[in-house]
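The values are calculated or read from the model by the stated rules, or taken from the named source; none is laboratory data. Since the structure is predicted, the reported quantities are computational estimates derived from the model, not experimental observations. Every residue, glycine among them, receives a Cβ derived from its backbone with ideal geometry; neighbour counts consider all protein chains shown.
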Amino acid sequence: MLPDDIVLEELMRLSKSVFVNREVLRPDYVPEKLPHREEQIRRLTQILAPLVRGERPSNVFIYGLTGTGKTAVTRYVLMKIKEYVEGRGPGFIYVYVNCRHDDTTYRVLARIADALGERVPFTGLSTAEVFSRVKAAIERFGGVVVVVLDEIDFLVKKHGDELLYRLTRINGELRRGKVTLIGITNDVSFVERLDARVMSSLGEVELVFPPYTAEQLTDILKERAEKAFRPGTLAPGVIEYCAAVAAKEHGDARRALDLLRVAGEIAEREGAEKVTVDHVKRARQEIELDTVSEVIKTLPYHGKLVLAALLVLGGKAQSTGDLYIAYRQICRALGTEPVTQRRVSDLVGELDMLGIVTARVISKGRYGKTRVIALTVSPETVKKVLSVEEGLREVLA
DNA sequence: CGTCCACAGGAATGACGGGCGG
DNA sequence: CCGCCCGTCATTCCTGTGGACG
């Protein structure tokens, strides 16, 4: 094929695409406009304004459910302040850490070190060593370091608040340089479990992000769709449908944007002229399949078996004990040594955290206290993903 | 109104593999 | 290469508890 033909073919293909710029719909895209978050932007800017003078702002604690714009607003405001400060005064460094991904003390510290230009090995050092390296790096830098700890509840759930405690006290130990912490969480109950000393320090200022309504989601989607799609490629009602679905799931803008993007991708794959509501419906299924297989992939082997046991029970178990019995049967069928009930209890907790199962503690009075466990995704999806696993196809049949 | 069930979930511990500094 | 430290999966032992039953 001649280069000319390649170019022509590619141009033809692109001109038919429903997208002009699909990046705009990606979750990590920081838009120029953040509809219905004006108040939060204003507040956060006020709080962080001391950065302009090279001074340390108060620590900030931000609450709000997933997809309510916490991360986007925080990054947006910090980016803008950084641009403003550029060449105008003392600079500052900002570090963004997602604690869902970096969920150990070590990894969080390594992230901070990295942003300060201090290379830290993957593993091998003691956390105390990394901590003192971070401190040294901050003193060398000498300015304000803003540390954003997103989804901070993950870190605390797994490793307690020790790191937080140390970070909130770090300013007293530093001879030069200052640290401001921005903690972000979507788990409100998490606050109660936090040490009072940490909370009073971390929560010097608090900021709340309410969920979006369906109408607000529609605005957000319209805004982005204009940049993402070629004009006239969205069938009527598509945006409203995405907004309605996401509004039902606690006003999650990320979900709404994902839905729209994947629907577009499906339409494009089929060479369709327009994105329709039907594409959105299929996008829902595809997204569910993706998230479920992603989650299951990271699960320990016995975690998968526990999930299989739940499937055998029709997607819900009245008690951990019931589930454990079903799990043991699966182990027997596979000739695998079962783990203890204590361990299964933790695995259930893990599945709950990952959001593919809900586990509510209930008390049945005289008949004990247990957890009622139910699948939150469609059993077919889980079955499809689990069937890939060695020997499980037969067990599930 | 106390008891007592069926677990929840914390704490300590260990085996294991991976990775680094010295 | 050794010794140390890490994260992960798992065990053992344990204390705590909401509320129906007696």
**Complete set of residues in the range A:212-238 that are over 18 Å from A:G69 (Cβ atoms) and of a type in the set (V, I, T)** = A:T233, A:V238
**Prompt:** Is one or more of the residues making up the range A:98-117 among the small types (G, A, S), assigned by TED's automatic domain parsing to the domain that holds A:D187 and buried (at least 20 other Cβ atoms within 10 Å of the Cβ)?
**Reply:** yes
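Is there a residue in the range A:313-322 that is acidic (D, E) and more than 8 Å from DNA strand B (Cβ to nearest atom)?
no
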**Message:** If I filter the range A:220-231 for residues that are farther than 26 Å from A:Q46 by Cα, among the charged types (D, E, K, R), surrounded by fewer than 17 Cβ atoms within 10 Å (Cβ to Cβ) and within 16 Å of DNA strand C (Cβ to nearest atom), do I get at least one hit?
**Reply:** no
**Prompt:** From the list A:E390, A:E337, A:E286, A:E380, which residue is in the same structural domain as A:E249 (by TED's automatic domain parsing) and out of contact with any Asp or Glu (no Cβ under 8 Å at 6 or more places or on another chain)?
**Reply:** A:E286
**Item:** Residue in the range A:94-107 that is away from DNA strand C (no atom under 16 Å from the Cβ), modelled with pLDDT of 80 or more, farther than 24 Å from A:I62 by Cα and of a type outside the set (G, A, S) present
**Value:** no
**Request:** Could you pull out the residue among A:E192, A:E215 that is surrounded by fewer than 22 Cβ atoms within 10 Å (Cβ to Cβ) and at pLDDT below 90?
**Result:** A:E192
**Message:** If A:V344 meets every condition in (1) within 14 Å of DNA strand C (Cβ to nearest atom); (2) surrounded by fewer than 20 Cβ atoms within 10 Å (Cβ to Cβ) apart from one, which number is that one?
**Reply:** (2)
**Asked** Which one of these does A:L305 not meet: (1) farther than 15 Å from A:R343 by Cβ; (2) away from DNA strand B (no atom under 16 Å from the Cβ); (3) not in a loop (DSSP other than H, G, I, E, B)?
**Response** (1)
**Asked** Within the range A:27-56, restricting attention to residues that are part of a helix (DSSP H, G or I) and aliphatic (A, V, I, L, M), which residue is farthest from A:V144 (Cα to Cα)?
**Response** A:I41
